[in-house]
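Q: Take this structure first; my questions come after.
The values are calculated or read from the model by the stated rules, or taken from the named source; none is laboratory data. The shown structure was predicted, so the numbers you read here are calculated from the model rather than taken from an experiment. So basically every Cβ, Gly included, is an ideal-geometry build from the backbone, and we count neighbours across all protein chains shown.
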Amino acid sequence: MALYRGAATAAAVANPEEEPRMKLISRRSLGVAVAALALATTACGKKEEPAPAPAATSEPAAADPAKEETAAPEEPAKEEPAPEEPTAAAADAAAAPVEDSAEAKAVKGIAKTILDAYKAKDLQKLGEFAPEAVQEQIKAMKPGDKVYDQIFDESNWRWKSVTSWDGSFDGIRQDEDKYWVKYANLDGEEVAVVKLKKEGDKWLFDDLGSPDKERWSSWGAELK
């Protein structure tokens, strides 16, 4: 401001005619200076706008490895132990039949003796298992006698079942002092049995029977 005012005063003193024009110039210069000063002041006092924040992106922020939870390691599957191979002794024990009781062995022994004698037509041996009252009659029988021919009739189921017997037994049923010993399966639903009876210490051969399977399984009780 002082600079513009001093320059105008010096010019007026040097040339009095120029004083009115110099005054006009001085005012104009003063107005321009005031305007420039105002602009400068405004520019200096203006606050800077903060830089815009960077636009947010849609990508998720990278996970912090330190904060990530560590997954628990999976436990290895437990292997089931392999089944033990059966030993030869165990296999033999499983395959072995259940041993008969002493009574069952005795009953089967008597039945075997009778079937063997029947097949051989040994009347002397069969007579040993007959009641004392008829023992001598049985031992004296011969071919041609009615009873003899009935017993050893080759067309009869008794003779056929005895002569085809394989030597094994398939169960014993007991009803008090009576025993049925199964030795064969017949045609249809019947089975062949040796009927025995025990009187004191003596075994008696009662007959050969052919009950049906239902009658066989329901008569008396099983003897093992």
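Q: Taking ASP175 and the conditions (1) surrounded by fewer than 16 Cβ atoms within 10 Å (Cβ to Cβ); (2) touching a residue at least 12 places away in the same chain (Cβ under 8 Å); (3) more than 22 Å from LEU223 (Cα to Cα); (4) touching a Phe, Trp or Tyr at 6+ places or on another chain (Cβ under 7 Å), which numbered condition does it fall short on, given that it satisfies the others?
A: (3)
Q: Let me ask something else about it. Name the residue, out of TYR183, TYR148, that is within 55 Å of the chain's Cα centre (by Cα) and either under 24 Å from GLY220 (Cβ atoms) or in the same structural domain as ARG215 (by TED's automatic domain parsing) (or both).
A: TYR183
Q: Please work out which residue is farthest from the chain's Cα centre (by Cα), limiting yourself to the stretch 207-224 and to residues that are surrounded by fewer than 16 Cβ atoms within 10 Å (Cβ to Cβ) and part of a strand (DSSP E or B).
A: ASP207
Q: Can you tell me which residues in the stretch 202-224 are among the acidic types (Asp, Glu) and either over 16 Å from LYS108 (Cα atoms) or in contact (Cβ under 8 Å) with a residue 60 or more places away in the chain (or both)?
A: Answer for the stretch 202-224, where residues must be among the acidic types (Asp, Glu) and either over 16 Å from LYS108 (Cα atoms) or in contact (Cβ under 8 Å) with a residue 60 or more places away in the chain (or both): ASP212, GLU214.
Q: List the number of the failed condition for ASP170; all other conditions in (1) outside any loop (DSSP other than H, G, I, E, B); (2) touching a residue at least 12 places away in the same chain (Cβ under 8 Å); (3) more than 28 Å from ALA133 (Cα to Cα) hold.
A: (1)
Q: Those residues that are in contact with a helix residue (DSSP H, G or I) (Cβ under 6 Å, 6 or more places away or on another chain), more than 16 Å from LYS202 (Cβ to Cβ) and either of a type in the set (Asp, Glu) or touching a residue at least 40 places away in the same chain (Cβ under 8 Å) (or both), I need them from the stretch 116-152; list them, please.
A: The answer is TYR118, LYS119.
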